[in-house]
Amino acid sequence: MNNQEISLRRDSAISKGVGMQTQIYVERASGSEVWDVEGNRYIDFAAGIAVVNTGHCHPKIMAAVSKQSEAFTHTCHQVLPYENYIRLAERLNDKVPGNFDKKTVFVTTGAEAVENAIKIARAATGRPAVVAFGGGFHGRTFMGMSLTGKVAPYKKNFGSMMPDVYHVPFPIELHGTSTADALDGIAKLFKSDLDPERVAAIILEPVQGEGGFYPAPADLMRGLRALCDEHGILLIADEIQTGFARTGNLFAMEGYDVASDLTTMAKGLAGGLPLAAVTGKAEIMDSAQPGGLGGTYGGNPLGIAAAHAVLDVIEEEDLCNRANELGSRLKQRLNEIRSRVPEMVDVRGPGFMIAAEFNTADGKAPNPEFTNAVRAEALKRGLVLLTCGVYGNVIRFLAPITIPDEIFSEALDILEASIDAVKGA
Ligand code: PMP
């Protein structure tokens, strides 16, 4: 079967609601490389959307999963618990930023972590409302999509959103919105629409992911912390895309001088197995009734075993420093390209969570056509890239942090040739 034949079958078998970035059907993957059913090889700068930060099929992670699968694969932790679940919680309680006692709950997906963070915040505060940011992404469940700050495609045709969710502008200097504007937006909201005493939580991504790889400025984070402290609101850091060495720290919040009360994580946590978690202040985490949190697969043994190995690999292979090293090489190369490609209006991001934004050549309007053409050209040449951004005019670079130098150089050459090809077309 070739890619095209499988694609045709997909069209008649799979809901159109599941979007597609490529028509490449994977046969195997290793490190930063993927091979499709036709034997074509690709360099993977998507990493399953920031999931395999530790590379595809890292031998240590595979060995941990295989060892666990020989022992047992599922008992449901609420029924017959297992020690490595507790130990992983202890490791996360220790590593998640915040100088206070912490507790953790494991779930299965990022959206589920967000759902649970909001449930916990509501239970802890006895308040219903949540404030989120325009352009933010928090998942596709009802609360997840309600919190997400983009209508199409995430909320379109899906009816009423959850009540008591409010959006304020996210500061993006490039688009003319400052931190002061964002904080002013919240002040106005609290004046005109929403009593701050009804607010359970403010949620944000330390670096907006799907929304376009915009880092939250340090003064925004400080301002939000102060506002939360003033009104008894909880601050939730959604680290689902930023976590696990991607930003040059294990968690992006390590780069700020204030801590969140609750942290959501998923993706990179278990290197490709479905595992997610909420970690936060112990007394807040304890506010739900026994049985109010959890799920059949939450903290599945295979995911837990993989996550232990992921944390070990990040430490042993010094992946936080490696992320910074790779990110600065990528930024340097992008900035060189930018000096002769006026469409590339910005190169940004911490660690190895880098993006390039593209506008029309006069710099005035978002240019999703150019962006998408670069993505398609790179794919033809064997490099898988992802776009993002509210206007679809950002390329985000999410290669595994374990990528070897030679493959990284090869990928940068493909990237440059692809941009040149589109520019010359
Ligand atoms: N929050 C953030 C910041 C994300 O990037 C994502 C996934 N892109 C989610 C939540 C939802 O995670 P999942 O797809 O695992 O439900």
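The values are calculated or read from the model by the stated rules, or taken from the named source; none is laboratory data. If you're wondering where the values come from, they're calculated on a predicted model, not measured in any experiment. Cβ placement follows ideal geometry from the backbone for every residue including glycine, while neighbour counts extend to all protein chains displayed.
Of all the residues in region 144-168, those that are over 12 Å from A129 (Cβ atoms) and in a loop (DSSP other than H, G, I, E, B) number 14.
When the residues of region 198-220 are narrowed to those that are away from the ligand (no atom under 15 Å from the Cβ) and surrounded by fewer than 24 Cβ atoms within 10 Å (Cβ to Cβ), which ends up farthest from V345 (Cα to Cα)? Selected residue: R198. Which one is farthest from A237 (Cα to Cα), of the residues in region 134-154 that are more than 8 Å from the ligand (Cβ to nearest atom) and among the hydroxyl-bearing types (S, T, Y)? Filtering region 134-154 for residues that are more than 8 Å from the ligand (Cβ to nearest atom) and among the hydroxyl-bearing types (S, T, Y), the one farthest from A237 (Cα to Cα) comes out as Y154. Residues of region 380-416 that are assigned to a loop (DSSP other than H, G, I, E, B) and within 17 Å of F358 (Cα to Cα): L385, G389, V390, Y391, G392, N393.
A count restricted to region 222-249 and to residues that are surrounded by fewer than 24 Cβ atoms within 10 Å (Cβ to Cβ) and either touching a Phe, Trp or Tyr at 6+ places or on another chain (Cβ under 9 Å) or farther than 29 Å from Y391 by Cα (or both) stands at 9. For region 34-41, indicate whether the set of residues that are among the acidic types (D, E), part of a loop (DSSP other than H, G, I, E, B) and either at pLDDT 95 or above or out of contact with any strand residue (DSSP E or B) (no Cβ under 7 Å at 6 or more places or on another chain) (or both) is non-empty. The answer is yes; a qualifying residue exists. Of the helices (runs of 4 or more DSSP H) lying entirely inside region 262-348, the ones with 2 or more residues being touching a helix residue (DSSP H, G or I) at 6+ places or on another chain (Cβ under 7 Å) and surrounded by 24 or more Cβ atoms within 10 Å (Cβ to Cβ) are found at 301-316.
When R127 is tested against (1) in contact with a Lys or Arg (Cβ under 6 Å, 6 or more places away or on another chain); (2) farther than 26 Å from Q289 by Cβ, just one condition goes unmet, and that condition is (2).
The set of residues in region 94-119 being more than 16 Å from the ligand (Cβ to nearest atom), more than 14 Å from A307 (Cα to Cα) and among the charged types (D, E, K, R) consists of D94, D101, K102, K103. Here G232, G292, G248 are screened, and the one residue that is touching a residue at least 12 places away in the same chain (Cβ under 8 Å) and under 22 Å from the mean Cα position of the chain (by Cα) is G248. Among the residues of region 241-261, the ones that are outside any loop (DSSP other than H, G, I, E, B) and either away from the ligand (no atom under 12 Å from the Cβ) or out of contact with any strand residue (DSSP E or B) (no Cβ under 7 Å at 6 or more places or on another chain) (or both) come to 3 in all.
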